[in-house]
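Peer 1: Let me begin by handing over the structure; questions about it come next.
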Amino acid sequence: MAKKNGSIVYKCSNCSYTQPRWLGRCPECGEWNTMEECIVDTNAVTPAGKGAAVCEKVRPVPLESVTAQDTSRFQTKIEEFDRVLGGGATRRSAIMIGGEPGIGKSTLLIQSASGMAAQYPGRIMYVSGEESAAQIKDRADRLGLSCKGIEVLCTMRLEDILDALDKINPVLVIVDSIQTVYSAEAGLVPGTVNQLKYCANELVSWVKNRDSVLIMTAHVTKEGTIAGPKTLEHMVDTVISFERNSDDVRFLHAQKNRFGSVDELGIFNMTEKGLVPVLNPATMFLSERREVQPAGVACCVVFEGNRVFMVEIQALTAPAKSAVSRVFSDKIDSARVSRIAAILEKRAGIKFIGQDIYVNVAGGIRLSESAVDAALAVAIYSARTDIPVDVGTAVFGELSLAGEIRPVAKIKARAKTAENLGFTKIYAAEKSEGVILSKDIASLVKTIFS
């Protein structure tokens with residue numbers, strides 16, 4: 001048999017017998033027309049871990065003849081998690097969850113494993129390279145979760161993991177965390193770039209060939225991004241970010257999702273019994289309203305996926321502490337805040353020279369929707385003039401550089417939500433029931449603050 005890499009051999013599809021020439025009948029099993037052209041690949045390894053592997057030669061096929069993959073989903077029994085995943089974890093998909101230490105990644109995963117184990121007993125595999133089996137069991141007991149049907153493997157060796165996967169054939173594979181896994185094929189030090197790419201690729205390849213789901217946790221840098229090469233995020237189907245505010249509220253949102261929307265937001269409360277989904281967050285991001293609210297506060301209606309809720313945007317302007325004015329904002333992009341301030345200065349005639357601008361969102365939620373532009377402008381204007389906005393006022397709309405307030409999607413649903421929560425003055429760029437029409441930022445601030 002030829003030995004060099006790239007050599008062609010013929011392999012029987014019935015008994016895997018190989019030989020260098022094509023034959024009509026397999027000498028080993030006696031079957032006819034079962035010899036298929038294959039290639040010797042020295043970069044791949046055999047199941048024993050030694051020698052070159054014989055791989056089938058891949059050829060292009062007409063796309064119209066391809067049968068679509070079954071995209072049915074597994075339910076984790078955690079409604080907010082399933083919402084962010086797009087309705088559940090899709091079969092043959094790989095999911096990566098990143099978040100700072102202690103935020104609750106392991107808690108979320110053991111809750112998901114327990115929820116699915118009732119439906120698929122013995123086919124849930126929890127791999128941990130950071131904790132012992134006793135620590136995982138202790139967490140499950142503390143949270144009051146059933147451990148029945150969950151297989152635990154505490155190892156960092158990739159070969160041990162793959163061997164256990166072949167024996168158990170689980171429907172859910174949890175790896176906590178991918179940075180701890182190493183393989184002798186890529187060196188002996190976990191966490192290197194080669195280790196991460198090699199180990200992740202092997203695990204993803206395993207689930208892609210079976211009706212299984214892989215969930216991996218990942219360490220993050222001090223900036224909050226997933227540690228390691230960006231290639232790691234390209235390998236998986238879904239990348240989920242786990243964040244928190246200063247309280248016990250946790251936010252789960254997808255940065256990438258091949259099988260669903262990235263606009264959905266999962267909200268949890270961290271309690272003694274683990275992560276508890278917040279199913280109706282409409283008012284949780286509003287401070288308690290008084291008869292007169294302080295200057296620099298404006299309310300807006302935002303959509304996250306299919307859900308709508310009110311948020312309170314807070315702004316403060318103060319004399320600059322240096323020769324250069326600065327913007328301090330982590331929940332709304334600071335570049336957006338600077339742009340809104342420039343529009344106000346040009347179109348509404350208010351100056352921010354020598355002023356530092358501070359922006360916050362009540363409840364700690366991060367906002368990226370363009371509908372918050374108008375409310376952000378009102379909050380900054382209110383902070384600069386020290387004139388409060390009337391209680392019961394809601395504003396939403398996108399702001400153009402010309403100072404125009406542009407319509408946003410689902411105006412009727414936004415207005416209805418604001419009305420149900422007791423807001424009586426609702427400003428938007430499109431006329432609707434209960435909405436006060438506002439076309440530009442200059443006339444809007446004049447109407448609100450006159």
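The values are calculated or read from the model by the stated rules, or taken from the named source; none is laboratory data. All values reported here derive from a predicted model rather than from experimental measurement. Methodologically, a virtual Cβ is constructed for each residue, glycine included, from the backbone with ideal geometry; neighbour enumeration extends over all protein chains shown. Ligands, DNA and RNA are excluded from the accessible area calculation, which covers all protein heavy atoms including side chains. Shrake-Rupley method; radii C 1.70, N 1.55, O 1.52, S 1.80 Å.
Peer 1: Please name which of ILE332, PHE303, ILE313 has its Cα lying farthest along the dipole of region 251-347 towards the positive end, using unit charges on Cβ (Lys, Arg +1; Asp, Glu -1) and the Cα centre as origin.
Peer 2: Farthest along the dipole direction, towards plus: ILE332.
Peer 1: Which angle between 0 and 90 degrees, to the nearest 10, do you get for helix 133-142 versus the longest principal axis of the chain when only C-alpha atoms count?
Peer 2: 40
Peer 1: Where does each of LYS351, LYS321 land when they are ordered by accessible area, with a 1.4 Å probe and the largest first?
Peer 2: Numbers: LYS351 115, LYS321 145 Å².
Highest to lowest solvent-accessible surface, that is LYS321, LYS351.
Peer 1: Determine which lysines satisfy two conditions relative to LYS273: a Cα distance under 16 Å, and not lying fewer than 8 residues away in the same chain.
Peer 2: LYS77, LYS105, LYS137
Peer 1: Could you check how much of the accessible area of the chain is carbon and sulfur, as a whole percent, using a 1.4 Å probe?
Peer 2: Carbon with sulfur: 50 percent of the solvent-accessible area.
Peer 1: Cut-off 10 angstrom, C-alpha nodes, Gaussian network model of the chain. Which of ILE350, ILE240, ILE267 fluctuates the most?
Peer 2: ILE350
Peer 1: For the chain, what does the helix formula give at 222 nm: sum of -39500 (n - 2.57) over DSSP H segments with n ≥ 4, over the residue count, nearest 500 deg cm²/dmol?
Peer 2: Numbers: 10 runs with 108 residues, N = 450.
My calculation for the chain gives -7000 deg cm²/dmol from helical runs alone.
Peer 1: Could you sort 382-388, 28-34 so that the peptide with the highest average Cβ count within 10 Å comes first and the rest follow in order?
Peer 2: On the way: 382-388: 17.9, 28-34: 12.9.
Per-residue mean Cβ counts within 10 Å order the peptides as 382-388, 28-34.
Peer 1: While we're looking at this one, here's another question. For the chain, set up a Gaussian network in which alpha carbons nearer than 10 Å are linked by springs, and say which option among LEU85, LEU23, LEU109 fluctuates the most.
Peer 2: LEU23
Peer 1: Separate question: Can you work out the Karplus-derived ³J(HN,Hα) for every residue in region 152-164? Use 6.51 cos²θ - 1.76 cosθ + 1.60 with θ = phi - 60°, whole Hz, and x for glycine or proline.
Peer 2: So the Karplus estimates, Gly and Pro as x, are 10, 10, 9, 7, 10, 7, 4, 4, 5, 5, 5, 5, 5 Hz.
Peer 1: In straight Cα distance, which lysines are under 25 Å from LYS410, not counting same-chain residues fewer than 8 positions off?
Peer 2: LYS256, LYS331, LYS425, LYS431, LYS439
Peer 1: If N is the number of residues in region 315-360, what value comes out of its Cα radius of gyration divided by 2.2 N^0.38 Å?
Peer 2: Details: Rg = 10.1 Å, N = 46, 2.2 N^0.38 = 9.4 Å.
Dividing the Cα Rg of region 315-360 by 2.2 N^0.38 Å gives 1.07.
Peer 1: Note down the relative contact order for region 290-404 as a percent, whole number, built from C-alpha pairs under 8 angstrom at least six residues apart.
Peer 2: On the way: 226 pairs, mean separation 46.6, N = 115.
Relative CO of region 290-404 lands at 41 percent.
Peer 1: Right, something else. Accessible surface of GLU202 in the full protein assembly, 1.4 angstrom probe, to the nearest 10 Å²?
Peer 2: 60
Peer 1: Once you treat every alpha carbon in region 157-203 as an equal point and sum by Debye, what is log10 I(q)/I(0) at q = 0.14, 0.29 Å⁻¹?
Peer 2: Relative scattering, expressed as log10 I(q)/I(0), comes to -0.31, -1.10.
Peer 1: Report, to the nearest 10°, how far helix 411-420 tilts away from the longest principal axis of the Cα atoms in the chain, using its own Cα long axis and a range of 0 to 90°.
Peer 2: 70
Peer 1: Sticking with this structure for a sec: Please compute the contact order of the chain in relative form: average sequence separation of alpha-carbon pairs under 8 Å and at least six residues apart, divided by the residue count, as a percent.
Peer 2: Values: 942 pairs, mean separation 48.6, N = 450.
Rounded, it is 11 percent for the chain.
Peer 1: On a 0 to 90° scale, report how tilted helix 105-117 is relative to the longest principal axis of the chain, with both axes built from alpha carbons and the result rounded to the nearest 10.
Peer 2: The angle comes out at about 60 degrees.
Peer 1: Looking at the chain as a GNM with Cα springs under 10 Å, which of VAL249, VAL308, VAL324 has the largest mean-square fluctuation?
Peer 2: VAL324
Peer 1: Further, regarding this structure: Can you pull the semi-axes for the chain, root of five times each eigenvalue of the Cα gyration tensor, sorted largest first, whole Å? Before the final figure, lay out the partial values.
Peer 2: On the way: eigenvalues 588, 116, 89 Å².
Here the semi-axes work out to 54, 24, 21 Å.
Peer 1: Quick one: order GLU304, GLU159, GLU130 from most to least accessible surface, probe 1.4 Å.
Peer 2: From most accessible down to least: GLU130, GLU159, GLU304.
Peer 1: Per residue, what volume in Å³ does the Cα convex hull of region 63-123 take up?
Peer 2: Details: hull volume 6.9 nm³, N = 61.
Here the figure is 112 Å³ per residue.
Peer 1: Can you give me the convex hull volume of the Cα atoms of region 314-392, divided per residue and expressed in Å³? Before the final figure, lay out each step's value.
Peer 2: Values: hull volume 7.8 nm³, N = 79.
In region 314-392, the Cα convex hull volume per residue is 99 Å³.
Peer 1: Heads up, I need the accessible area for ARG92: 1.4 angstrom probe, whole protein in place, Å², nearest 10.
Peer 2: It works out to around 80 Å².
Peer 1: Find the accessible area per residue for the chain; the probe is 1.4 Å, ligands and nucleic acids are left out, and the unit is Å². Working shown, then result.
Peer 2: Numbers: 21810 Å² over 450 residues.
Per-residue accessible area for the chain comes out at 48 Å².
Peer 1: Turning to a different aspect of this structure: Any idea how far the Cα center of region 398-450 sits from the one of region 82-122, in Å?
Peer 2: Value for the Cα centre distance between the two parts: 39 Å.
Peer 1: Rank ASP237, ASP440, ASP166 by accessible area, highest first, at a 1.4 Å probe radius? Please list the in-between numbers first.
Peer 2: On the way: ASP237 5, ASP440 55, ASP166 95 Å².
Ranking ASP237, ASP440, ASP166 by accessible area, largest first, yields ASP166, ASP440, ASP237.
Peer 1: Using θ = phi - 60° and the Karplus curve 6.51 cos²θ - 1.76 cosθ + 1.60, what whole-Hz ³J(HN,Hα) does each residue of region 368-384 get, with Gly and Pro shown as x?
Peer 2: Values, residue by residue: 10, 5, 5, 5, 7, 4, 5, 5, 5, 4, 5, 5, 5, 4, 4, 5, 6 Hz.
Peer 1: Let me ask something else. What translational diffusion coefficient, in µm²/s and rounded to a whole number, does the Stokes-Einstein relation yield for region 382-450 at 25 °C and a viscosity of 0.890 mPa s, taking the hydrodynamic radius as the Kirkwood radius over Cα pairs?
Peer 2: Values: Rh = 12.4 Å.
This corresponds to a translational diffusion coefficient of 198 µm²/s.
Peer 1: For region 301-450, go through all pairs of different Cα atoms, get the mean of 1/r, take its inverse, and jot down that Kirkwood value in Å. Write out the running numbers ahead of the final one.
Peer 2: Details: mean 1/r = 0.0649 Å⁻¹.
For region 301-450, the Kirkwood estimate is 15.4 Å.
Peer 1: Let me understand region 217-373 better: what is its radius of gyration from the alpha carbons, and its Dmax, in angstrom?
Peer 2: 18.0, 53
Peer 1: How large is the dipole of the chain about the Cα centre if only Lys and Arg carry +1 and Asp and Glu carry -1, each at its Cβ, rounded to the nearest 20 debye? Could the numbers behind the result be given before it?
Peer 2: Values: 53 positive and 52 negative charges, 137 e Å.
In debye, rounded to 20, the chain gives about 660.
Peer 1: Binning at 10 angstrom from zero up to the longest distance, how are the C-alpha pair distances of region 100-169 distributed in percent?
Peer 2: In whole percents, the pair-distance histogram is 20, 53, 26, 1.
Peer 1: Non-local amide H neighbours of LEU153 (under 5 Å, H modeled in plane, Pro and chain starts lacking H): which ones?
Peer 2: TYR126, VAL127, SER128
Peer 1: Next question, about the same structure. Pop out the ³J(HN,Hα) list for region 185-197 in order, Karplus 6.51 cos²θ - 1.76 cosθ + 1.60 with θ = phi - 60°, rounded to Hz; leave Gly and Pro as x.
Peer 2: 5, 10, x, 10, 9, x, x, 6, 4, 5, 4, 4, 5
Peer 1: Output the Kirkwood hydrodynamic radius of region 127-269, Cα pairs only, in Å rounded to one decimal. Intermediate results must be reported in sequence, preceding the final value.
Peer 2: Working: mean 1/r = 0.0606 Å⁻¹.
For region 127-269, inverting the mean 1/r across all distinct Cα pairs yields 16.5 Å.
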